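*Asks:* Okay, here's the structure, questions in a sec.
Every read-out reported here was derived from the displayed coordinates using simple, explicitly stated rules and does not represent laboratory data. This structure is a prediction, so every number in the text was calculated from the model and none was measured. Reconstructed Cβ throughout: ideal geometry from the backbone, glycine too, with neighbour counts over all protein chains shown.
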Protein chains: 2
Amino acid sequence: MSHSCSEKANVLYALQEVNKQINQKFEHCTGVSQSRLDILHQLYETGEMSQKALQQQVNIDNAAITRHLKQLEERDVVSRRKNPDDNRVTFVKLTKSGHEKIGAFRNEKARFIDEAFKDFSEEEQLLLSKMLERLKVNISAIERERS
Amino acid sequence: MSHSCSEKANVLYALQEVNKQINQKFEHCTGVSQSRLDILHQLYETGEMSQKALQQQVNIDNAAITRHLKQLEERDVVSRRKNPDDNRVTFVKLTKSGHEKIGAFRNEKARFIDEAFKDFSEEEQLLLSKMLERLKVNISAIERERS
DNA sequence: TTATATTAGTTGATATATCAAACATTGATG
DNA sequence: CATCAATGTTTGATATATCAACTAATATAA
């Protein structure tokens, strides 16, 4: 955004910009929002799981999960049932037809990702990954100090 | 999120996670949303400018800008006036009191950023910056292909 | 075993981002 | 000059994230 800021600020800004770009463009290509795709992706990987576990993995609000799943259930993409051993928890999984549909999105996302990183070597990917991890750790620390 | 995906996918996921973390934590600390802060930051840097220019810099929707500014005007943080030479465009700037308030946020953000990058050398910052730029370019190319 | 606390999920209120449609103003063209 | 296109802003409809309050079920503890 600004050109008169510190180098660091610009890096952070670039990070946010790339992220926004990813969300916008991928969503535009597939018609599915990132968070919804994350939900579906997680269910695809894990199979049946509790809403709670799903929410923690995907890291969005409880309420948001409930509403996503409600819609996805209406469209027969996921199915839900109570855990017979603990009626507080509800298990979620992809339906058969949901599973098929998601496969297509996953392929599309894989292509998207390949394109995004097409000129990155293995080492570079690793490097980026490690830097992001460090950022994450540093930022977590900030929150702890102030909370 | 998932552990069975490609390395690249995980990097992308990490990027999104860091970004979300930044937004959540910074917003939590200051009580101001990122996009609103971006708007204010831009006005702080640039002084008076048209809504259009502001919108392009900050990269959020026209409608969103209008609504943000409406609120900020009500709270006497910004002031608006028509461009006398072209009544389609409205100029925006920080009010005096707005300018003072924003200064505090900017300091807070600067501290936040310093913490986030505290163990990054100059070279590392540059490296990260360049990688993000490459990602950005690659992703832009994807959209062009499909649109 | 009854009262209390915890946990999982839902719902309502609110905030904000997006798109599309509308509007006003200006510019360009016949 | 009259029309039509382009530009900047606004508004309405919709989507989705968040928080807080609530319900239901379970676990804990007096």
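*Asks:* Rounded to whole angstrom, how close does the nearest chain A beta-carbon get to the axis mapping A onto B, and which residue is it?
*Replies:* A:Asn19, 2
*Asks:* Against the longest principal axis of chain B, how steep is helix B:7-30, in degrees 0 to 90 to the nearest 10, with axes from Cα atoms?
*Replies:* Approximately 40 degrees, to the nearest 10.
*Asks:* If we hang a label 7 Å off Cα along the beta carbon direction at B:Ser97, how far is it from the matching labels on the other copies, in nm, shortest first?
*Replies:* 5.7
*Asks:* A further question follows. Could you pull out every residue, at least 5 positions away or on a different chain, whose amide H is within less than 5 Å of the one on B:Val89? Hs are placed 1.01 Å off N in the peptide plane, and Pro or chain starts have none.
*Replies:* Residues meeting the criterion, in which the H sits 1.01 Å from N, are B:Asn83.
*Asks:* If the label for B:Glu48 sits 7 angstrom from Cα along the Cα-to-Cβ line, what are its distances to the same label in every other copy, in nm to one decimal, shortest first?
*Replies:* 6.7
*Asks:* Would you work out if the stretch A:70-147 is rounded, prolate or oblate? Take a ≥ b ≥ c from the square roots of the eigenvalues of the alpha-carbon gyration tensor; rounded if a/c is under 1.5, else prolate when a/b is larger than b/c, oblate otherwise.
*Replies:* Oblate shape, in that a/c is at least 1.5 and b/c is the bigger or equal ratio.
*Asks:* Further, regarding this structure: Kindly rank B:25-36, B:94-105 from highest to lowest mean number of other beta carbons found within 10 Å of each residue.
*Replies:* Those peptides, ordered most packed to least, come out B:25-36, B:94-105.
*Asks:* Write down, largest first, the equivalent ellipsoid semi-axes of the protein assembly as shown in whole Å, where each equals the square root of 5 times an eigenvalue of the alpha-carbon gyration tensor.
*Replies:* They are 36, 23, 21 Å, listed largest first.
*Asks:* Still on this model: With θ set to phi - 60° and the Karplus curve 6.51 cos²θ - 1.76 cosθ + 1.60, what are the ³J(HN,Hα) couplings of the stretch A:99-111 in order, to the nearest whole Hz, using x for Gly and Pro?
*Replies:* 4, 5, 4, 5, x, 5, 4, 4, 5, 4, 5, 4, 5
*Asks:* Per residue of B:41-47, how many C-beta atoms from partner chains lie within 10 Å of its own C-beta, taken as a mean?
*Replies:* Other-chain Cβ atoms within 10 Å of each residue's Cβ, averaged: 2.
*Asks:* Inside 10 Å of the C-beta atoms of A:24-35, what's the mean count of C-beta atoms belonging to other chains?
*Replies:* Across the residues of A:24-35, the mean count of other-chain Cβ atoms within 10 Å is 2.
*Asks:* From the label point of B:Glu115, set 7 Å along Cα to the beta carbon, how far off in nm is each other copy's matching point, shortest first?
*Replies:* Label point to label point, same position, other copies: 3.8 nm.
*Asks:* Count, for each residue of A:116-123, the Cβ atoms from other chains sitting within 10 Å of its Cβ, then give me the mean as a whole number.
*Replies:* If you average over the peptide's residues, the count of other-chain Cβ atoms is 5.
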